[in-house]
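What follows is a single structure, written as structure tokens, with notes after it.
The values are calculated or read from the model by the stated rules, or taken from the named source; none is laboratory data. Note that the coordinates shown come from a computational prediction; the quantities given were computed from them, not determined experimentally. Reconstructed Cβ throughout: ideal geometry from the backbone, glycine too, with neighbour counts over all protein chains shown.
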Amino acid sequence: MGAGHGGVLGAAYVAGDSPAHRLEPHLKLVAVLGFALVVVATPVHAPWAWAAYGGYLALVLGVAAVAGVRPGRLARGLVVEVPFVVFALLLPVVARGPRVDVLGLSLSESGLAAAGGLLAKATLSVLAATVLAATTQPRELVRGLERLRLPSVLVQILMFMFRYADVVGGELRRMRVARESRGFRGRHVGALRVLGPAAGSLFIRSYERGERVHLAMLSRGYTGRMPSGPAAVVPAQAWLTALALPLAAGAVLASGLLLG
């Protein structure tokens, strides 16, 4: 049950040997968090804000190019941004203040600025997280969070989420193959009579298999913590490499604040 090695969540990983792949996971987590904080700290209504967003985008795409993460992989990662897009589209309609006509719609100027800033910040943060996921195995991400002293309970919850996502995905694939081998085709409303009980069966079978996985882990010495050896000393050069992205983003923000 090696989660993250070709499973549901491991599919996000892009194998490679770039500097981003070789960095320790906790360094990459610090780098992405620092970059996101700089992006969020950029004032939306500043006249130079969009120039800063362009600079951040260039930095993220540069890191992605060095890591060998293709544009298609970055685009797929943006799917999680859909709720932010829906919320941003509503802001110009419901916000108050001076209004402007756009394609026959009366939209709030402040709402447009806020929506644009929200979309820009969300997109940049998601892109950075996508590069992180593409260059780090899920299991290593959990190790990185543990190295950063995240509460042990949260680390264990994430670890089991990674493992059991593969369990549920595997059960779902087996049930689909079984249905299709019996001639089932879910192309009409009547298929709901089959898919409804199948959802309940999926829950029960996944729960039972998860119990077996947990018992197997206990029989192999699992004590509530991930087995790990002594933490290796991280050289200063690795820290400089990891912090290059947030420091460069911070330089862009500082330039805007000073010169804008």
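Consider R96 against the criteria (1) out of contact with any helix residue (DSSP H, G or I) (no Cβ under 6 Å at 6 or more places or on another chain); (2) surrounded by 14 or more Cβ atoms within 10 Å (Cβ to Cβ): it satisfies all of them except one. Which criterion is unmet? Unmet for R96, out of (1) out of contact with any helix residue (DSSP H, G or I) (no Cβ under 6 Å at 6 or more places or on another chain); (2) surrounded by 14 or more Cβ atoms within 10 Å (Cβ to Cβ): (2).
Checked against the criterion of being touching a helix residue (DSSP H, G or I) at 6+ places or on another chain (Cβ under 8 Å), in the same structural domain as K28 (by TED's automatic domain parsing), without any contact (Cβ under 8 Å) to a residue 24 or more places away in the chain and more than 26 Å from H26 (Cα to Cα), the candidates L105, L91, L118 yield just one match: L105.
Suppose we filter V168, V142, V155 for residues that are part of a helix (DSSP H, G or I), surrounded by 12 or more Cβ atoms within 10 Å (Cβ to Cβ), β-branched (V, I, T) and at pLDDT below 80; which single one remains?
Working: V142 fails: at pLDDT below 80; V155 fails: at pLDDT below 80.
Checking each option against the conditions leaves just V168.
Candidates in the stretch 34-50 are the residues that are in contact with a helix residue (DSSP H, G or I) (Cβ under 7 Å, 6 or more places away or on another chain) and surrounded by fewer than 14 Cβ atoms within 10 Å (Cβ to Cβ); of these, the one that is nearest to V14 (Cα to Cα) is V40.
Would you check if there is a residue in the stretch 42-59 being assigned by TED's automatic domain parsing to the domain that holds A133 and closer than 22 Å to Q237 by Cβ?
Quick first cut of the stretch 42-59, residues assigned by TED's automatic domain parsing to the domain that holds A133 only: 42-59.
This time we only want the ones that are closer than 22 Å to Q237 by Cβ, so: 59.
For the stretch 42-59, residues assigned by TED's automatic domain parsing to the domain that holds A133 and closer than 22 Å to Q237 by Cβ: present.
The number of residues in the stretch 32-58 being outside any helix (DSSP H, G or I) and either under 10 Å from A128 (Cα atoms) or among the small types (G, A, S) (or both) comes to 1. Of all the criteria given as (1) over 19 Å from G111 (Cα atoms); (2) touching a strand residue (DSSP E or B) at 6+ places or on another chain (Cβ under 6 Å), the one not satisfied by L37 is (2).
Residue-wise test of (1) assigned to a loop (DSSP other than H, G, I, E, B); (2) more than 24 Å from A242 (Cα to Cα).
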residue	(1), (2)
V60	no, no
R73	no, no
R96	yes, yes
A115	no, yes
T123	no, no
L127	no, no
